[in-house]
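These notes concern the structure reproduced below.
The values are calculated or read from the model by the stated rules, or taken from the named source; none is laboratory data. No experiment lies behind these values; they were computed from the predicted model shown. All Cβ positions, glycine included, derive from the backbone under ideal geometry; neighbour counts span all protein chains shown. Just so you know, the surface numbers come from the protein's heavy atoms only, side chains and all, with ligands and any DNA or RNA stripped out. Shrake-Rupley method; radii C 1.70, N 1.55, O 1.52, S 1.80 Å.
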Amino acid sequence: MTATRNLDVLTNDLCDALLTAKSRDEIRRLLVDLCTPAEIRTMAERWHVARVLDGSDLSYREIHERTGVSTTTIVRVSRFLRQEPHHGYRHAIDRLGGRVAD
């Protein structure tokens, strides 16, 4: 398999590109170039749901009513936050000190 088709190589290259951002503005500009507005919104919503799940005792239905995010997405985010071995959400939440955006 060539490097351009190997998902691990491509993902590592993307991660390296994301790490070049030195400010919120730089990462925002890179995301706007890389993603469609819908993709950015989806990622932002998932991140917000992870923060809400971590910082409250709300039910999935209550989170859906407050955010408009589908319960399917809420369940998926919850699974990755609490059960999956990657711990990406957990590390980021801990590094930000538990601050939840309004």
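Below are the figures for this structure:
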{"item": "Carbon/sulfur fraction of accessible area - the chain, other protein chains in place, 1.4 Å, %", "result": "53 percent"}
{"item": "Compactness relative to 2.2 N^0.38 Å, alpha carbon Rg of the chain", "result": "1.21"}
{"item": "Over the stretch 39-96: Rg over Rh, Cα atoms, Kirkwood Rh", "result": "0.94"}
{"item": "Cα centre as origin, Lys/Arg/Asp/Glu Cβ charges: the chain dipole, Debye", "result": "120 debye"}
{"item": "In the stretch 1-73, the trypsin sites (Lys or Arg not before Pro) that fall in loop regions by DSSP, at most 16 other Cβ within 10 Å", "result": "ARG5, LYS22"}
